[in-house]
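Visitor: Here it is: the structure, laid out below.
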Amino acid sequence: MVKFGRCPTPGFQVNFDPTRYLGVWYEFARADNRFQSDLARCTTAEYSLTDENTKCIEVRNTEMVDQKVKQIVGKAYYGQDGQD
């Protein structure tokens with residue numbers, strides 16, 4: 001459904017448990033996008049808890065393109081606004 005007007009502002013998930021998402025996730029389907037090659041294969045996302053004190057999860061995305069490994073690493077923070 002398409003709605004016109006202002007975009008919604010999603011809230012934070014209450015009682016978020018990051019350990020439920022840690023580990024390696026494998027891609028089995030993909031929507032077309034401009035940041036990922038149509039030739040990409042064996043795509044994974046790995047989530048690891050880097051530091052409980054800073055509530056930071058490292059996100060490592062890996063894929064094979066033309067028999068070369070491409071990888072990007074980022075960080076996701078949780079527990080904003082006093083929510084855990």
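The values are calculated or read from the model by the stated rules, or taken from the named source; none is laboratory data. These figures come from a predicted structure and were not determined experimentally. We place every Cβ from the backbone using ideal geometry, glycine too, and count neighbours over all the protein chains shown. For accessibility, only protein heavy atoms count, side chains too; no ligands or nucleic acids. Shrake-Rupley method; radii C 1.70, N 1.55, O 1.52, S 1.80 Å.
Visitor: Take the residues of the range 60-77 that are surrounded by 15 or more Cβ atoms within 10 Å (Cβ to Cβ) and of a type in the set (Val, Ile, Thr): which is farthest from residue 22 (Cα to Cα)?
Guide: Checking each candidate, the answer is 65.
Visitor: Shifting gears a bit: Considering only the range 4-29, how many residues are without any contact (Cβ under 8 Å) to a residue 12 or more places away in the chain, part of a loop (DSSP other than H, G, I, E, B) and open to solvent by 100 Å² or more (accessible area, probe 1.4 Å)?
Guide: Counting residues in the range 4-29 that are without any contact (Cβ under 8 Å) to a residue 12 or more places away in the chain, part of a loop (DSSP other than H, G, I, E, B) and open to solvent by 100 Å² or more (accessible area, probe 1.4 Å) gives 7.
Visitor: Related question: Just the residues that are polar (S, T, N, Q) and modelled with pLDDT under 75, please, taken from the range 35-84.
Guide: 36, 37, 80, 83
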